[in-house]
Each structure stands twice: as structure tokens, then as C-alpha cells.
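Working notes, structure below.
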Amino acid sequence: MAEPRKPRVIRTRPETVRAQAENSGAAQADRAQPDRAQTLAAARQDSAAEPSSAVRATSSKVSVAPLPADTATPAAALAQSDVAGTVEAGATAKPAGKKKLAGMGQVFARPAKPVAQDKQDKQDKQAQPTQEPMAGQQAQVLAFPMPEHKRRRRTLLFSSLAVAAVVALAMAMALFSPALAVKTVVFEGQKLVGEQILQEAVAPLVSRPLPQVRGVEVAELLKPIIQVKSSRIEARPPSTLVVHIVERVPVALLKNGEEYLLVDQDGVQLAATKDPSSVALPLIDGGTAAIGKDTFAAMTAVLANLPQSILGQLANASAKSPDAVELKLADGRSVTWGNASDMVLKAQVLEALLNAPPPTAVPGKPAPVPAKVFDVSAPRHPVTR
């Protein structure tokens, strides 16, 4: 069942403001309507008899109470009293519509809300957040602690930044510190090139800080020396630079007119001599025109993979094609090498055949003839004859 409706209280203006409004309204009403003057007089007597703060019941549903002093606006009340209709004191207010007390301003009677709507309004008010602080009051700020994982992450970030800053500072000091300047350059691995030539080539590196010396720069300085194939640097603080040299190895003598050129596997001319017997290297005929051909590349590749013990026994090397390389030993024996495949295995097999003891004679049979040809073109099945 619906709850019974409770009478509503409507607050009126203070007594002083209301009296002024009534006097002004009454004067105008007396001139316009004689009946209205009587109504105003009756209302004035009723208001004088009641206290200023009393609540006057206008009907069973609406009651009238004085309004606060700060909300009274006489000008607005007079304007409304001229426009709105009059309501006699004690008259019953209708449930809906607009009514006006004589000289009291305009009063609106709002229709009643359903019970369900009233409950919803209460729930909405309870769900509303707390009110904001009034003027003159300071709001209280709540400080929540930082989560543990965020604190650890921030600590790790700051630590990493600090370490990076220290490392950067140390590197900057090392790059430009005169205490690490190059004073001594040491070469290791050279055999064909003199020490003085190498020192003159790297002279621009002296007095430069060690961290600023790069291997590419050293290789560029040594590039004019054809005997140097490659290089690698090593810093030995505080002031020593070590350069490891990889020299080009001469693998053959290339006959070029009246002189003999020492060439490496790539055909780079390393030196020249007039006496081929002074160098224990095989001879390749054809002059400088042979450099760059497939047969020349095949022969030099084979000679570069031979051990020094065999290379010193060779007299010359020849090739009809890249797959038919032949070697001649100084004692007249020959080696059929074949192509450039399995060169390491072929070199091992050939060394074993050359160092094998000669065959022993069998009584009653002719002495065996020493092998003159060693065929290692198929290194897993070598042939001697």
C-alpha cells in the first residue's frame, strides 16, 4: 500500500519584509479592488497574531513557514503579487496548479512523488560521494604508499643510470688521457719485411691515445708494404701497441724474362732474384701473363697447401688444365695431383709416400724398382709406379 502523504512546509519571508510587501500590495489593491483590501487586512491580522517563526497551515497538505531573511526579495515579491491571483487565508490549496497568498509572493505546490521514486532518490543520495569542502576549509590529501614492484623498478633504473654515467666518464678519460699515449710499437710475425720499414709506416700512431687506435687504420698504414697480407693490433697499457703481422708466403718462382719473381698464392710479386737456385721454390713458367689465369690459380693453390718439407723438394709445377696439376721433384720423380679438391688429405698422403722406406729385395727375385710416379688424384686410393 502507498504511504500516506505528509504535509509539506513552505517557508515565507521574514515579518519585516512581508509587512512592507503587504503594505505596498494593499495600497495598490485598495485602489483597484475593495474586496482585496479586506482580504489583505484579514491576512495582516492573522500574521500579527502568529509568531514570525511559526508554521501556518494553509491546507491539509501544504503549510506555510517564514523564509530566511537572506532569501527575501521585496521587489520580486511585489512583482509577483501584481501578476498572480489572490488566495484567501486558510483557503484549501488544490493539488496542482499555481496559487498566491495576498502579498506573500507566489507559491507552487509540487505534485507528490510515487513511493518507488522516493526510495530511488534516497538510494541516489546515499550513492553520491561525500560533499566537497566548504569555502574556507582545506581539503585533506591522502598519500598512498608506492607499490613494492614500482619501487624496485625505480631503484634499478636509477642504479643503471648511475653505472652508465660512471662508465661513460671512465671511457671519456681513457679516450683523451695523455697517460695512455702510444710510445712503443712492437711487431710480431714478420720475416720478409725489415723492422725499420714497419716502424716508419706506423710512425703517425705515436703519441696517440691507445683507445683511439683502430685496427683498420693500422692496416691502411701497412697497405703499401706488399709483403704484409694482414695485421691485428693489441693494446698493452699504458703505452705499448703490439701489431701482429701475417706476411704473404712465396709459393713459387715465376720466370719473367731474365729474372725470377717470388709470388704468393694470389700472384702478388713479393721479390725478385737472378739466381733461382738461391730460393727453394718450384718454378712456374709463363711469365707475368700467366697471373690471373685458372691454371695459375690452381697451381699456386696446390703449392700453398704443401708442407715445407715437400715444397723444398719440388723443381717445378705445371698444369694443362685446372683439373690436371702436375709437380716435378728435384730428383726426377713426378706427382700427379689432379684438381684442387681434398688438398689437405692429398698433401698428407704424398708426404707419407715420399717418406716411406724403399721396398726390400726378395731372394731369388729381381730387386724392386723404386717408384717414379706418385698419383694422389684419388687420395683414398693412391697409386705408385
Which residues qualify? For Asn256, with a placed amide H closer than 5 Å and at least 5 residues away or on another chain, they are Leu261
For the table Lys223/Lys255; Lys191/Lys229; Lys328/Lys372, the rows whose alpha-carbon distance is greater than 19 Å are Lys223/Lys255
Distance between the range 250-316 and the range 161-185 - C-alpha centres, whole angstrom:
49 Å
Modelled label reach - Lys320, point 7 Å along Cα→Cβ, the range 336-378 residues with backbone N closer than 20 Å
336-341, 372-378
Check Gly338: other-chain or 5+ apart residues with amide H under 5 Å from its amide H, H built from backbone geometry?
Val325
Please figure out what share of the DSSP beta bridges in the range 247-376 is antiparallel and state it in percent, rounded to the nearest 5.
75 percent
Sequence ranges 275-285, 157-167, ranked by mean other-Cβ count within 10 angstrom, highest first
275-285, 157-167
Radius 14 Å from Cβ of Ser334, net charge of other residues (Lys, Arg +1; Asp, Glu -1)
+2
In sequence order, what are the phi-derived ³J(HN,Hα) couplings for the range 308-321 according to the Karplus relation 6.51 cos²θ - 1.76 cosθ + 1.60 with θ = phi - 60°, rounded to whole Hz, with x for glycine and proline?
5, 5, 7, 4, x, 8, 7, 9, 7, 9, 9, 7, 7, 7
Please list 3J(HN,Hα) in residue order for the range 362-367, calculated via the Karplus relation 6.51 cos²θ - 1.76 cosθ + 1.60 where θ = phi - 60°; whole Hz, with x for glycine and proline.
9, x, x, 10, x, 5
Whole-Hz ³J(HN,Hα) for each residue in the range 146-162, computed from phi via Karplus 6.51 cos²θ - 1.76 cosθ + 1.60 with θ = phi - 60°, x for glycine and proline: what do you get?
6, x, 5, 5, 5, 5, 5, 4, 5, 5, 5, 5, 5, 5, 5, 5, 5
Give me the net charge of Thr288's neighbourhood, meaning all other residues with Cβ under 13 Å from the Cβ of Thr288; Lys, Arg count +1, Asp, Glu -1.
0
Can you tell me the length gained on complete extension of the stretch Glu351 to Lys191, counting 0.36 nm per residue apart and subtracting the Cα distance?
55.0 nm
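Here, each number is a calculation from the coordinates, and none is a lab measurement. As the structure is a computational prediction, the values presented were derived from the model and not from experiment. Don't worry about glycine lacking a Cβ; one is built from the backbone with ideal geometry, like all the others, and counts go over all protein chains shown.
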